[in-house]
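Input: a single structure, listed below in structure tokens.
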Amino acid sequence: MTRPVRVLAIGAAHLDRRARSLVPFRRGASNPGIVTETVGGSILNASLAMRRFGATVRLCSARGGDAAGERVEEALDAAGIFDHSFVWLDRSTATYTAILDDRGDLVAGVADMAIYELLGKRVLRQRQLRAAAEDCDAVMLDANLSQETIGGCLERFHGRPTAAIAVSPAKAGHLSGHLKRLSAVFLSRAEAAALVEMTASTDVVRLARLLGEMGADRAVITDGPQEAAILEAGSVRLQAPPSVASLRDVTGAGDTLAGVAFQAYVGGMSFDRAVRLGMAAASRRISAEPEGSGGLVEAIVSVAEAMTPHRAAHLV
């Protein structure tokens, strides 16, 4: 495996609500289903995945002084993640509500994330975050931060490995202008298309090459069960994900991939191998099979080692 790493993670940590239909989903109609509520957020999902693989994680987010914020705090403590978040007692903690069909695929999502706008450059210069940064090898951000705040973080942490999660097509543009300073960026096909201003039907290989032209050195573009495009130093490869026999839901899969892949890469693993490990971890997250606790990392490593090697990419 790799050496343990210390990561400063900055971005979203909130409540995820999943409303899953029990019948084939009908738009514009009432669908019987089940609603569940868990802690989530791009950076929190990635941080939990990194912790599972042994990384030391210090997390900075924003939350309100409400019951939802308390649940996030409790989850961080239970996972052994150092909490350097800012709390506004008069604000509400962010939430993400996902509408899923009967197969677990995303139909729509609503993100109430206004509180993250308070994580500006001035806030992130405060002493508690400076102290946390001194004890970290690498930094991971998500695009819930503003474009200006992302730029400020990259200036402050210049010289360390840094990665970003694009979060959504609406927020992927926050990474525009910063790709040259990122060690890696993790996106879905729709997010990559939004960032390079192409249609969502654009081939993932073309999207990866366009990201490279915009300055990205390393990037992973996922496309659900289809092959992911891996960009590194101008070269693009295609990597098929592991098969998932029974899907639970896709929420947080990309964040898990990003967290596991980045900590493995920072720890000394090649980028291709790190991405395969991340894809294996993501496949386990979205699987309906119970995760359990014993031997999970070993099982994920075994899946990654059994994956079909990547292949060279060619534009269609």
Check: If we keep just the residues of the range 139-149 that are within 17 Å of residue 44 (Cα to Cα) and not in a loop (DSSP other than H, G, I, E, B), which is farthest from the chain's Cα centre (by Cα)?
Finding: 139
Check: What are the residue pairs meeting all of these: first residue in the range 30-53, first residue within 19 Å of residue 73 (Cβ to Cβ) and touching a residue at least 24 places away in the same chain (Cβ under 8 Å), second residue of a type in the set (Gly, Ala, Ser) and part of a strand (DSSP E or B), Cβ atoms under 7 Å, and 6 or more apart or on different chains?
Finding: 43/9; 46/9; 47/9
Note to self: Please go through (1) out of contact with any strand residue (DSSP E or B) (no Cβ under 9 Å at 6 or more places or on another chain); (2) buried (at least 19 other Cβ atoms within 10 Å of the Cβ) for residue 142 and return the number of the only condition it doesn't satisfy.
What the structure shows: (1)
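Going by the conditions given, is residue 70 assigned to a helix (DSSP H, G or I) and either in contact (Cβ under 8 Å) with a residue 40 or more places away in the chain or surrounded by fewer than 17 Cβ atoms within 10 Å (Cβ to Cβ) (or both)?
Numbers: assigned to a helix (DSSP H, G or I): yes; either in contact (Cβ under 8 Å) with a residue 40 or more places away in the chain or surrounded by fewer than 17 Cβ atoms within 10 Å (Cβ to Cβ) (or both): yes.
Considered against the rule, which asks whether it is assigned to a helix (DSSP H, G or I) and either in contact (Cβ under 8 Å) with a residue 40 or more places away in the chain or surrounded by fewer than 17 Cβ atoms within 10 Å (Cβ to Cβ) (or both), residue 70 comes out as yes.
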Checklist line | Single residue of 299, 261 found to be under 25 Å from residue 38 (Cβ atoms) and surrounded by fewer than 18 Cβ atoms within 10 Å (Cβ to Cβ) | finding: 299
Item checked: Selection count, the range 147-166, where residues are open to solvent by 50 Å² or more (accessible area, probe 1.4 Å) and in contact with a Gly (Cβ under 8 Å, 6 or more places away or on another chain) -> 2
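Just to be sure before I move on: is residue 188 modelled with pLDDT of 95 or more, of a type in the set (S, T, N, Q), surrounded by 21 or more Cβ atoms within 10 Å (Cβ to Cβ) and touching a helix residue (DSSP H, G or I) at 6+ places or on another chain (Cβ under 9 Å) in the structure I sent?
On the way: modelled with pLDDT of 95 or more: yes; of a type in the set (S, T, N, Q): yes; surrounded by 21 or more Cβ atoms within 10 Å (Cβ to Cβ): yes; touching a helix residue (DSSP H, G or I) at 6+ places or on another chain (Cβ under 9 Å): yes.
Considered against the rule, which asks whether it is modelled with pLDDT of 95 or more, of a type in the set (S, T, N, Q), surrounded by 21 or more Cβ atoms within 10 Å (Cβ to Cβ) and touching a helix residue (DSSP H, G or I) at 6+ places or on another chain (Cβ under 9 Å), residue 188 comes out as yes.
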Checklist line | Qualifying position, being modelled with pLDDT of 90 or more, assigned to a loop (DSSP other than H, G, I, E, B) and more than 30 Å from residue 246 (Cα to Cα), among 136, 153 | finding: 136
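Residue by residue, here is whether (1) among the charged types (D, E, K, R); (2) in contact with a Leu (Cβ under 7 Å, 6 or more places away or on another chain); (3) under 24 Å from residue 17 (Cβ atoms) holds:
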{"residue": "128", "(1), (2), (3)": "no, no, no"}
{"residue": "138", "(1), (2), (3)": "no, no, no"}
{"residue": "153", "(1), (2), (3)": "no, yes, no"}
{"residue": "166", "(1), (2), (3)": "no, yes, yes"}
Check: Restricting the range 228-251 to residues that are closer than 24 Å to residue 109 by Cα and part of a strand (DSSP E or B), which is nearest to the chain's Cα centre (by Cα)?
Finding: 228
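The values are calculated or read from the model by the stated rules, or taken from the named source; none is laboratory data. From a predicted model like this one, the values you see are computed outputs, not experimental measurements. Don't worry about glycine lacking a Cβ; one is built from the backbone with ideal geometry, like all the others, and counts go over all protein chains shown. Ligands, DNA and RNA are stripped out before the accessible areas are found, and what is left, the full protein with its side chains, is counted by its heavy atoms. Shrake-Rupley method; radii C 1.70, N 1.55, O 1.52, S 1.80 Å.
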